[in-house]
Amino acid sequence: MVEIEGNFIRNQDIDLIEYEADDTGVLVYVANTEEIHIFNDTAYFIYKLLEKSRNIQEILEALKNEYEIIEEKAVLSDMLNYLDMLIEKKIITKCS
């Protein structure tokens with residue numbers, strides 16, 4: 001599981017191509033690994049947030065504001081799992 005401390009940012013060392021799939025999400029092609037990922041609206045929102053370095057609290061606050069989230073605990077677990085997947089796929093990295 002992702003450590004809550006520290007910041008995250010999109011990996012600048014990989015080539016990503018984004019395609020709007022339809023109104024349900026975005027298709028992201030990672031040229032370096034030839035992998036395709038489909039991000040739903042919320043996942044794509046987080047992905048775009050990480051164009052700049054952000055910590056867990058900043059990401060959570062942005063999600064709460066964008067989607068009018070009241071129950072923080074339910075979202076936090078899903079968000080951490082998603083960040084884990086992005087780190088594993090090398091789409092984002094931890095930074096200081």
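For region 25-46, a residue qualifies if it is of a type in the set (D, E, K, R) and either within 18 Å of residue 93 (Cβ to Cβ) or within 13 Å of the chain's Cα centre (by Cα) (or both), and the qualifying residues are 35, 41. Taking the stated definitions as given, is residue 22 over 19 Å from residue 88 (Cα atoms) and in contact with a Gly (Cβ under 8 Å, 6 or more places away or on another chain)? For residue 22, the condition - over 19 Å from residue 88 (Cα atoms) and in contact with a Gly (Cβ under 8 Å, 6 or more places away or on another chain) - is not met.
Read the figures in this text as sums done on the coordinates, not as results from a lab. From a predicted model like this one, the values you see are computed outputs, not experimental measurements. Glycine gets a Cβ as well: all are built from the backbone with ideal geometry, and neighbour counts include every protein chain shown.
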